[in-house]
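What follows is calculated from the coordinates using simple rules that are stated; it is not laboratory data. Computed from a predicted model, the values in this text were never measured in an experiment. Backbone-built Cβ (ideal geometry, glycine too); neighbour counts: all protein chains shown.
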Amino acid sequence: MCNSKLKVAVCILGLFIIGCTFTHCSNEKRESSAAENNVSTEKVAAVQEAIKDLDGDGIADSKDDDIDGDGLSNKEEETLNSDPFNKDTDGDGKLDGTEAKKDTDGDSFLDILESSVKDKDQDGVVDELDSDDTTVNNDSDGDGFSNIAEKKASTDPLNAASHPTLKDTDKDGKPDKEEMGKDSDKDNKSDVVESSKLDSDQDGVVDELDADDNSTGNDSDGDGFSNIEEKNAGSNPLDKASVPEIKDTDEDGKPDKDEAGKDTDGDGKSDVVESAKIDNDSDGVVDELDADDADPRNDSDGDGASNIDEKNAGTNPLDKASVPEVKDTDEDGKPDTQEEGKDTDGDGKSDVVESSKLDSDQDGVVDEFDSDDSNPQNDSDGDGVSNIDEKNAGTNPLDKNEKPAAVQEPEKKEQSKAEIQQEINKLLEVEHIKFEVDSSTITTEGIKTIKKIYAILKKYPDIKMEIGGHTDSDGDAKYNQNLSQERVDSVKKALVEFGLDANRFTTKGYGESKPLVPNNSAENKAKNRRVEFIIIGE
């Protein structure tokens, strides 16, 4: 059949194509079968995942808000960085829910993440009680000995009364423990390292009482004589009353001893070096009484006239009541010196140039009290009626409570306490006072509701109320009670800041003790989280 070479080649090629086609079909069948098997396996895995129940509470993990059953929701665990699949994240045998709000060692790491059985830094104090888990030199009981030192000495690093043999660093016979926290000479060096026997600079004052152990020019008793001068003179460098022969540095007839520690003119220079006789700037005030000895324009008595001006005018530059001829720029009878620095109406113009007698725009308000002297339509008392309208109506344009009869507010209709209570309750049925999660901080939406409560209560100033706070049952009961108290205190504070009398309100945090409905659903819990206003009297 295939007797020629060409025919043989064609036959071989045909057989090869038939074989490849058969193989391809077989591979497609195998791939199809494998794909079906994979789909089946994925379905099984999905079913298994859907029925997982880690905490055995009958709720599948995929729908369980608390997968590990430790009392904390998955969202809370995410916030706290704890393990939502492990009810004891730190492995110390205590449920995460019982440790979530505690920080026993005050290191800002909650107990939920710090074990009461592990000791990371191996200093003898477990992490939950160790405020610094990363350093062995931490001193947990504050007795002056590090945790690791107490561990090595077999004393209790959590008991201040249990410590190693007492140390005396400066070898002055006083234990470090007694000197700890003391700085007798106020040189920022502890008495622990400053000896009460050693005198490093040989100035007659031991280091513990010498604020400068390296300088013999130091004056420990502040009598104007250095320690070394007093030592050489035989006087006591620690007794201000014991001084060498009297000195008068500024030669004003007053001994340095009497002037030491004084700065009469408050210029930072001691009276010891500022004379009570010399007047360097010739402004009529001696240096000891002149806060600026180099500037004759200084005003020592603060009367608005410089020393040199008062000297030239023949008035006393140290007597505020003695001033040159009085100037009254706006001719309102008040001296410029009295009006300087004042802007009564807040219009940016000094009272010096705004008269308390002149009314430029004839609107019934003098210029000194009128923030717009050129506009009679200005409303100085902010009562909604212009100055000129109040002037024409005969009412006071500077009294907010006095308006023309045409704009007086109508009398309020009296309401019974029951009606007022109903009005408040109706508002709170529609709008709750809301807070940030797990906080007493009132939300922006909550503030809006409080403003509406304020508007109601403002109309009835005699009504007294109890503000009651309530939570749902999630978390610790004591914590919830405290949180509810903090929240109602915040509400009261807001109402007082808006202008209501604080004595009208009492506050009470009830926590989870008075639910409106059972705490068995998210919807019911939301109803139980509330703030109530109850009338308690007038």
Longest principal axis of the chain (C-alpha) makes with the long axis of helix 5-50 (C-alpha) an angle, in degrees to the nearest 10, of 60 degrees
Rounded to whole Å, give me the distance from the Cα center of the stretch 279-295 to that of the stretch 53-127. 73 Å
Quick one: P(r) of the stretch 318-466 from all Cα-Cα pairs, 5 Å bins, percents rounded to integers, in order of increasing distance. 2, 8, 12, 11, 9, 9, 9, 9, 10, 8, 6, 4, 2, 1, 0
Which whole-Hz couplings ³J(HN,Hα) result when phi for each residue of the stretch 328-335 is put into the Karplus expression 6.51 cos²θ - 1.76 cosθ + 1.60, θ = phi - 60°, listed in order with x for Gly and Pro? 9, 4, 8, 6, 10, x, 10, x
With the charge dipole of the chain built from beta-carbon charges (+1 for Lys and Arg, -1 for Asp and Glu) about the Cα centre, the Cα from ILE433, THR165, GLY268 projecting farthest to the positive end belongs to ILE433
Roughly how big is the chain's charge dipole about its Cα centre, with Cβ charges of +1 (Lys, Arg) and -1 (Asp, Glu), in debye to the nearest 20? 5980 debye
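What number do you get for the stretch 179-325 when its Cα radius of gyration is normalised by 2.2 N^0.38 Å, N = residues? Let's see the in-between values first.
Working: Rg = 20.7 Å, N = 147, 2.2 N^0.38 = 14.7 Å.
Cα Rg divided by the expected 2.2 N^0.38 Å: 1.41.
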I need the phi-derived Karplus couplings for the stretch 483-490: 6.51 cos²θ - 1.76 cosθ + 1.60, θ = phi - 60°, integer Hz, Gly and Pro marked x. 4, 5, 5, 4, 5, 5, 5, 5
Whole-Hz Karplus ³J(HN,Hα) for the stretch 225-235, in order, using 6.51 cos²θ - 1.76 cosθ + 1.60 and θ = phi - 60°, x for Gly and Pro? 10, 5, 4, 5, 5, 5, 4, 5, 8, x, 8
Taking only pairs that are 8 or more places apart or on different chains, how many Lys pairs in the stretch 345-404 have Cα atoms under 22 angstrom apart? 5
Enumerate the amide H contacts of THR507 below 5 Å, restricted to partners 5 or more residues apart or on another chain; note that Pro and chain-start residues carry no placed amide H. ILE467
Local electrostatic count, GLY217, Cβ distance below 9 Å [Lys/Arg +1, Asp/Glu -1]: -4
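What ranking of ASP293, ASP381 emerges when the number of other C-beta atoms within 10 Å of each C-beta is taken as an exposure proxy, fewest first? Provide the component values of the computation, followed by the final result.
Values: ASP293 22, ASP381 19.
Final ranking by Cβ density, sparse to dense: ASP381, ASP293.
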Using a Cα distance threshold of under 23 Å, what count of lysine pairs results for the stretch 122-225 when pairs must be 8 or more residues apart or interchain? 23
Which angle between 0 and 90 degrees, to the nearest 10, do you get for helix 417-430 versus the longest principal axis of the chain when only C-alpha atoms count? 50 degrees
Two-decimal Rg/Rh of the stretch 417-537 from alpha-carbon positions, Kirkwood Rh? 0.95
Which lysines does LYS478 reach when only Cα atoms under 24 Å apart count, and residues fewer than 8 places away in its own chain are ignored? LYS75, LYS87, LYS94, LYS101, LYS102, LYS434, LYS492, LYS493, LYS508, LYS514, LYS525, LYS527
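Out of all DSSP beta bridges with both ends in the chain, state the antiparallel percent to the nearest 5. Walk me through the intermediate numbers first.
On the way: 8 of 14 bridges.
About 55 percent, rounded to the nearest 5.
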Hey, what does the equivalent ellipsoid look like for the stretch 78-168, semi-axes from the Cα gyration tensor as sqrt of 5 times each eigenvalue, largest first, whole Å? 29, 11, 10
If each DSSP helix of 4+ residues adds -39,500 (n - 2.57) and the sum is divided by the residues in the chain, what number results at 222 nm, nearest 500 deg cm²/dmol? -8500 deg cm²/dmol
Going fewest to most other Cβ atoms within 10 Å around each Cβ, VAL531, VAL117, VAL136 line up as VAL117, VAL136, VAL531
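Using only the Cα atoms of the chain, what semi-axes does the equivalent ellipsoid have when each is the square root of 5 times a gyration tensor eigenvalue? Give whole Å, largest first.
Working: eigenvalues 1104, 559, 215 Å².
That gives 74, 53, 33 Å for the three semi-axes.
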With unit charges on the beta carbon (Lys/Arg positive, Asp/Glu negative), name the residue among ASN482, VAL531, ILE463 whose Cα is farthest towards the positive pole of the charge dipole of the stretch 417-537. ILE463
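Tell me the Kirkwood hydrodynamic radius of the stretch 345-404 in angstroms, computed as one over the mean inverse distance between distinct C-alpha pairs.
On the way: mean 1/r = 0.0890 Å⁻¹.
Result for the stretch 345-404 stands at 11.2 Å.
Among ILE447, ILE424, which comes first, second and so on when ranked by fewest other beta-carbon atoms within 10 Å?
Least to most surrounded, the residues fall as ILE447, ILE424.
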